[in-house]
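Novice: What follows is a single structure, and I will ask about it in a moment.
The values are calculated or read from the model by the stated rules, or taken from the named source; none is laboratory data. For clarity, every value in this text was computed on a predicted model and none was experimentally measured. Every residue, glycine among them, receives a Cβ derived from its backbone with ideal geometry; neighbour counts consider all protein chains shown.
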């Protein structure tokens with residue numbers, strides 16, 4: 001993970017030599033890695049209530065929310081890119097199908113379309129499940145209603161074969177189904193030739209005993225994944241096919257709603273009643289509750305439920321989290337948290353957060369969208385609908401947000 005962007009106050013890309021050595025030949029300065037090139041998102045999509053998906057007209061997340069990708073789309077909800085029907089879209093993630101083509105996958109509260117997927121194509125993204133044209137959004141009906149839940153995202157993608165590889169897998173959490181605790185199930189997986197059309201519900205024997213929903217799923221590296229269930233954290237070392245418990249109730253007295261990895265050794269988990277935890281040992285060791293937030297609730301979130309957290313690498317590395325009650329906070333170490341500044345205060349609940357490592361986008365109830373390019377100060381983008389109708393309608397509650405960079409902010 002990149003560490004430095006400046007040397008003695010001078011931007012790294014403006015320096016040709018350090019102590020007579022060409023920058024091209026330098027990989028570290030004082031033990032810190034030289035930053036790699038930055039890839040920015042070209043598309044952001046937010047999932048709302050009533051089955052609506054909203055997007056930006058331009059790649060910049062601060063511009064044109066709610067106008068749709070193509071003029072004249074068939075969306076029934078005002079400003080939506082597409083209307084997929086009566087459901088809440090609580091998860092959205094970006095990845096690949098079995099051929100390596102890019103696509104979006106959503107998790108919903110529909111009992112007949114718990115999973116949806118669509119090619120990353122402007123025209124296809126505007127076609128709902130029932131549209132006769134193809135490609136379009138396709139629905140996956142899972143038996144027993146393995147629905148999406150708050151928090152997360154609880155859907156993630158990996159390709160352990162790397163660029164051009166074929167070892168692809170999708171893993172999704174969600175509601176728990178079955179008799180607790182010995183036969184409950186909450187994790188489904190799509191791998192092999194039929195991804196993402198075919199999903200397998202993992203049997204109870206392949207996941208630990210559980211007492212709640214799997215709210216967060218994160219791919220780390222190699223074949224290693226982590227997921228949260230209630231206040232437990234589980235891990236998989238076979239691309240999500242089987243799971244074991246790593247840490248249980250000792251981590252936190254409250255359910256974990258979301259977690260993220262910084263790519264170099266630290267995890268942060270957030271959850272109910274303002275709890276924040278972090279680990280430098282993949283949750284198996286060095287489990288520490290945040291002294292600034294934790295049980296004394298002295299951090300910026302108080303006792304508000306924290307629904308999302310990301311790690312943003314540029315321009316200054318920060319963990320950023322969002323919560324109920326319109327609160328956003330940031331931290332350099334995952335332990336000490338500070339309230340972010342916002343140009344217009346809100347008491348609406350933030351439900352999700354995402355980043356492409358240059359911009360952070362937080363979304364929530366009443367169509368609120370806030371963006372930041374530094375993680376410390378946020379600007380309101382919606383639902384202030386201007387003359388150009390460039391916002392999300394305030395009657396829409398946004399539940400999820402993602403950009404078209406795989407895994408960005410989660411690892």
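Novice: So if I check each of 130, 143, which one is modelled with pLDDT under 90 and either touching a strand residue (DSSP E or B) at 6+ places or on another chain (Cβ under 9 Å) or assigned by TED's automatic domain parsing to the domain that holds residue 310 (or both)? Steps first, answer last, please.
Specialist: On the way: 130 fails: modelled with pLDDT under 90.
From the options 130, 143, the qualifying one is 143.
Per-residue answers, yes or no, for (1) touching a helix residue (DSSP H, G or I) at 6+ places or on another chain (Cβ under 8 Å); (2) at pLDDT 95 or above:
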position	(1), (2)
108	yes, yes
114	no, yes
126	no, no
136	yes, yes
153	no, yes
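Each row is one residue, and each column tells you yes or no for (1) assigned to a strand (DSSP E or B); (2) on the phi > 0 side of the Ramachandran plot.
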position: 303; (1), (2): no, no
position: 314; (1), (2): no, no
position: 329; (1), (2): yes, no
position: 334; (1), (2): no, yes
position: 346; (1), (2): no, no
position: 358; (1), (2): no, no
position: 363; (1), (2): yes, no
position: 366; (1), (2): no, yes
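Okay, residues lined up against (1) at pLDDT 90 or above; (2) part of a helix (DSSP H, G or I):
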| residue | (1), (2) |
| --- | --- |
| 50 | no, yes |
| 61 | no, no |
| 70 | no, no |
| 95 | yes, no |
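Novice: Moving on to the next point. Given the criteria under 26 Å from residue 339 (Cβ atoms), within 20 Å of the chain's Cα centre (by Cα) and at pLDDT 90 or above, does residue 267 qualify?
Specialist: On the way: under 26 Å from residue 339 (Cβ atoms): yes; within 20 Å of the chain's Cα centre (by Cα): yes; at pLDDT 90 or above: yes.
Taking the combined requirement at face value, the residue satisfies it.
Novice: Report whether or not residue 151 is buried (at least 24 other Cβ atoms within 10 Å of the Cβ) and closer than 24 Å to residue 404 by Cβ. Show your work before the answer.
Specialist: Details: buried (at least 24 other Cβ atoms within 10 Å of the Cβ): yes; closer than 24 Å to residue 404 by Cβ: yes.
Against the criterion (buried (at least 24 other Cβ atoms within 10 Å of the Cβ) and closer than 24 Å to residue 404 by Cβ), residue 151 qualifies.
Novice: Test residue 116 against the stated conditions and say whether it is on the phi > 0 side of the Ramachandran plot and buried (at least 20 other Cβ atoms within 10 Å of the Cβ). Can you show your working first?
Specialist: Numbers: on the phi > 0 side of the Ramachandran plot: no; buried (at least 20 other Cβ atoms within 10 Å of the Cβ): yes.
Here the answer is no, as residue 116 does not meet what is asked.
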